[in-house]
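Down below is the structure, laid out as structure tokens.
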Amino acid sequence: MADNTILSSKGLDLWYGENHALKDVSMDIPEHQVTALIGPSGCGKSTFLRILNRMNDLIPEVKITGSIQYRGQEIYDPKVDVTWLRKQVGMVFQKPNPFPMSIYDNIAYGPRTHGIRNKSQLDDIVEKSLQGAAIWDEVKDRLKKSALGLSGGQQQRICIARALAVEPDILLMDEATSALDPISTSKIEDLIADLKKDYTIVIVTHNMQQATRVSDKCAFFLLGQLIEFGDTTQLFSVPSDKRTEDYITGRFG
């Protein structure tokens, strides 16, 4: 594994019951870069993303073999505390899902769960997280109001701030802009570029232009297999596999 690898999968297979959803996936994800997972619907990219913080644990009849390591530690080792893992590896979902509570309480929720009770400390975390998600100026005067009163794009940035509040190492984003308008999408893309200074980001996207705009590395999945993985500019300009070329030029998918 390369020196700057933060997440590494080796020979990873996953089944949902009889359905073999991921086949022999090996990939080293570098730290402080944006890695995009692309491919047609149902190709395994979201399944792979969910492996990285054990979200698939919540689905019955999942069987996983092979190795997946976070900073050299096997994350499916029975000794690993899943709560600890999900603090290190935060997640933002496709549809904004703020909790039905105030903006402040949405952001303070995670830190409180991890035992932080001090109000001034929570105030600092809330402000820093909202600034980190580039939404502080829009909401600082309405922190006590419900997060559900915000626009979709703002709600998604609240969800990003909520993920940042527990100071994760890695941020996973599953189609985080697909439900948003172009202006909100552009704000979140700018935000991703800023966040990679402090975080490692892995995104699933259907949008090839988005992958080229925001990612450093790109992985192309097809029918549960990792077909190609490499620098985004190279993968889009001179793909090494004909199937990658067919997908990115729109011949299928």
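Computed from the coordinates by the stated procedures, all read-outs in this text should not be read as laboratory data. Because the structure is a prediction, the values reported are computed rather than measured. Here Cβ is always computed from backbone atoms with ideal geometry, including for glycine, and neighbour counts include all displayed protein chains.
With an a/c value of 1.5 or above and a/b not larger than b/c for the gyration tensor axes a ≥ b ≥ c computed over the alpha-carbon atoms, region 76-176 is described as oblate. The residue among Leu122, Thr5, Gly66 whose Cα reaches farthest toward the positive pole of the charge dipole of the chain, with charges on the beta-carbon of Lys, Arg, Asp and Glu, is Leu122.
In plain terms, the C-alpha convex hull of the chain casts an average shadow of 13.8 nm² when viewed from every direction. Packing-based ranking of 14-24, 109-119, 159-169 yields 159-169, 14-24, 109-119, ordered from highest to lowest mean Cβ neighbour count within 10 Å. Rounded to the nearest 5, the antiparallel percentage of DSSP beta bridges internal to the chain is 60%.
Each Lys and Arg adds +1 at its Cβ and each Asp and Glu adds -1 at its Cβ; summed about the Cα centre, the chain shows a dipole of about 640 debye. Projecting the Cα atoms of Thr47, Phe229, Gln94 onto the charge dipole of region 5-248 (Cβ charges, centred on the Cα centre) puts Gln94 farthest toward the positive pole.
Taking the helices alone, the chain has a mean residue ellipticity at 222 nm of -10000 deg cm²/dmol, built from -39,500 (n - 2.57) per DSSP H run of at least 4 residues and averaged over all its residues. Taken one residue at a time, the phi angles of region 144-152 give Karplus couplings (6.51, -1.76, 1.60, θ = phi - 60°) of 8, 8, 5, 5, 6, x, 8, 5, x Hz. Gly and Pro are set to x. Sequentially through region 191-201, phi angles give Karplus couplings (6.51, -1.76, 1.60; θ = phi - 60°) of 4, 4, 4, 5, 5, 5, 4, 10, 9, 9, 10 Hz, Gly and Pro residues having no value and appearing as x. The mean sequence distance of close C-alpha pairs (under 8 Å, at least 6 residues apart), as a share of the length of region 110-253, puts its relative contact order at 16 percent. For region 167-174, in order, what is each residue's ³J(HN,Hα) by Karplus, 6.51 cos²θ - 1.76 cosθ + 1.60 with θ = phi - 60°, in whole Hz (x at glycine and Pro)? Here the 3J(HN,Hα) series is 6, x, 8, 10, 10, 9, 10, 9 Hz.
For Asp24, the amide hydrogen comes within under 5 Å of the amide hydrogens of Leu12, Asp13, Leu14, counting only partners 5 or more places away or on other chains and with H modelled in the peptide plane.
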